[in-house]
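To start, the structure itself, in structure tokens.
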Amino acid sequence: MDPLRAQQLAAELEVEMMADMYNRMTQACHRKCVPPFYKESELSKGECVCLDRCVAKYLEVHERMGKKLTELSLQDEELLKRMQQGSGSA
Amino acid sequence: LRDFLLVYNRMTELCFRHCVCNLNYRLLTGREESCLDSCAARLVRANHRLMGTYVGLVPALLQRRAAEHGALAGPSGPPASPEPAPGSA
């Protein structure tokens, strides 16, 4: 594949995934911070602060999950390599 | 890559929903961090197990379906040839 095309596809995929992450974050934080009582249209101060913290935490969780996934997939790769080496030498 | 990234996003949402309950602080607490680590590891292992079981079961299922399909098509024979047109003789 043409490297420029590959780069373009990667960028498009990243944008799509960021949008997906944003939607999930919105849903999760709305569920946690905005109770389903629609008597007033304005958000209370507590709800606003909750939303700010929720977004900060969600992004941190996202980063942490990414690192953990990378760590686990590297561990799996190493294990697979060891198994292959073991079966090859036998 | 797309599927992997979707799984990543789903995992983030699931683990966040389950582990992060205290929104009194901006930073993650120690308890939340260890919950998140366990959640990630569990989901990955569950996914691996699921995949392994699925890969083991699908060939038999497909074989069974193919056999059923063959059994349905077999006894009825090939479809009957259409009647010759009335004015053709």
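The values are calculated or read from the model by the stated rules, or taken from the named source; none is laboratory data. Source: prediction; values computed, not measured. All Cβ positions, even for glycine, are placed from backbone atoms using ideal geometry, and neighbour counts span all protein chains on display. Accessible surface is based on the protein model in full, side chains and every heavy atom, while ligands, DNA and RNA are left aside. Shrake-Rupley method; radii C 1.70, N 1.55, O 1.52, S 1.80 Å.
Here are a few things to note about the model shown:
- Angle between chain A longest axis and helix A:3-33 axis [Cα atoms, degrees, rounded to 10]: 40 degrees
- Accessible surface ranking that places the most exposed of B:Tyr8, B:Tyr25, A:Tyr38 first, with a 1.4 angstrom probe: A:Tyr38, B:Tyr25, B:Tyr8
- Rounded if a/c under 1.5, otherwise prolate or oblate - the protein assembly as shown, Cα gyration tensor axes: prolate
- Accessible-area order (highest first, 1.4 angstrom probe) of the listed residues A:Val15, A:Val61, A:Val34: A:Val15, A:Val34, A:Val61
- 1.4 Å probe, heavy atoms, protein only - residues of segment B:25-65 losing at least 50 Å² accessible area vs chain alone: B:Arg26, B:Leu28, B:Asp37
- Modelled spin-label separation between A:Glu16 and A:Ala56, with each label point placed 7 Å from Cα along the Cα-to-Cβ direction: 3.4 nm.
- Think of a 1.4 Å ball rolled over the protein heavy atoms: the protein assembly as shown then has 77 Å² of accessible area per residue.
- CD proxy at 222 nm, helix term only [per DSSP H run n ≥ 4: -39500 (n - 2.57); per residue of chain A; nearest 500]: -31000 deg cm²/dmol
- Using a probe radius of 1.4 angstrom, the carbon and sulfur fraction of the accessible surface of the protein assembly as shown is 60%.
- GNM remark for chain A: springs join alpha carbons under 10 Å apart, and the peak mean-square fluctuation among A:Glu63, A:Glu40, A:Glu16 falls on A:Glu40.
- Heavy-atom SASA rank of B:Leu23, A:Leu51, B:Leu1, B:Leu62 (probe 1.4 Å, accessible area, largest first): B:Leu1, B:Leu62, A:Leu51, B:Leu23
- Inter-chain neighbour count for A:30-37: the average number of beta-carbon atoms from partner chains within 10 Å of each residue's beta-carbon is 1.
- Lysine pairs with alpha-carbon atoms under 18 Å apart, the protein assembly as shown, spacing 8 or more or separate chains: 4
- Interface between chains B and A: roughly 3100 Å² of accessible area buried, both sides summed (probe 1.4 Å, protein heavy atoms only).
- Taken residue by residue and averaged, Cβ atoms of other chains lying within 10 Å of the Cβ of A:43-54 number 2.
- Cα gyration tensor shape for chain A, rounded if a/c is under 1.5, else prolate or oblate: oblate
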